[in-house]
Amino acid sequence: MLVDLNLNGKQVIIIGGGTEGLRKLRGLEDQNCEIILITNRLNKIIKGLRDKGKLLLRKEYVKDTSFLKDYENPFLILACTNNKHLNRVIAKEASLKGALSYAVDDPSVSDFSYASIINVEGILQIAISTSGRSPIVARRFRIKAERVLKRLVSKSDIENIRLQEAARRMIRTRIPTVSERKEFLYSVINNATIQKLIKEDRIDDARLELVALINSWEGKRS
């Protein structure tokens, strides 16, 4: 089962600053979570992210799980060292602590597996997963699918996602029931005027039309 974790405001700990640790770090940059990186390695990328306030850096050589006592409620712990046994121990101890855990080289002790992600403008993500059986094959399929997907997804599609997000925020307290909100969101994506404005790249006008549509919808209910 593929899931998209909501990490907003959550604490995520990455142990290991090598290739895999950096890869996981890059994937978390835009998730609005608190990232703690524990590593004895420092490079320009890590220093740059630390200086930009993107992560909290703890420079330390990790040889056991004693570091976990310093963290009360981590949400996610990623063991990315080059020591398979240590990664297993960290993942198991993290689970006992109530956190989701991941060992970079051992799916059997991890609470989840990483999918290979196609990311379109940070808005649309499509995951390809072999459930940890072969990340290499998943990446190969991702490269193939990415070429096709980026031709299929238009700028209008991305702007529709953004407009739907804005619409959901606006109607949360103004349209009372789930079924009505769902009906309204469909009416937005099927609205010829809004879609024409989006295709013409008149995004501000499309948002004004959205506000007018919400007001009209409320007027019909009163």
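The values are calculated or read from the model by the stated rules, or taken from the named source; none is laboratory data. Computed from a prediction, not measured in an experiment: that's the story for all the values here. Don't worry about glycine lacking a Cβ; one is built from the backbone with ideal geometry, like all the others, and counts go over all protein chains shown.
Taken over the stretch 159-201, residues that are within 20 Å of ASN119 (Cβ to Cβ) and either among the polar types (S, T, N, Q) or not assigned by TED's automatic domain parsing to the domain that holds ASN215 (or both) amount to 2.
Rundown of residues vs (1) touching a residue at least 40 places away in the same chain (Cβ under 8 Å); (2) over 18 Å from GLY17 (Cβ atoms); (3) surrounded by 13 or more Cβ atoms within 10 Å (Cβ to Cβ); (4) touching a Ser or Thr at 6+ places or on another chain (Cβ under 7 Å), yes/no style:
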site: LYS63; (1), (2), (3), (4): no, no, no, no
site: GLU72; (1), (2), (3), (4): no, yes, no, no
site: LEU78; (1), (2), (3), (4): yes, no, yes, no
site: ASN83; (1), (2), (3), (4): no, no, yes, no
site: ARG88; (1), (2), (3), (4): no, yes, yes, no
site: ARG133; (1), (2), (3), (4): no, yes, no, no
site: ILE143; (1), (2), (3), (4): no, yes, no, no
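Checking each residue in the stretch 177-200 for being at pLDDT 95 or above and not in a helix (DSSP H, G or I) picks out ASN190, ASN191, GLU200. Scoring ASP105 on the criteria (1) assigned by TED's automatic domain parsing to the domain that holds GLY18; (2) at pLDDT 95 or above leaves a single failure, condition (2).
Taking the stated definitions as given, is GLY53 without any contact (Cβ under 8 Å) to a residue 12 or more places away in the chain, part of a loop (DSSP other than H, G, I, E, B) and out of contact with any His (no Cβ under 8 Å at 6 or more places or on another chain)?
So GLY53 fits the description; yes.
For first residues located in the stretch 162-186 and in contact (Cβ under 8 Å) with a residue 24 or more places away in the chain, partners that are outside any helix (DSSP H, G or I) and lie 6+ apart or on another chain with Cβ distances below 8 Å form the pairs ARG162/ILE123; PHE184/ILE175.
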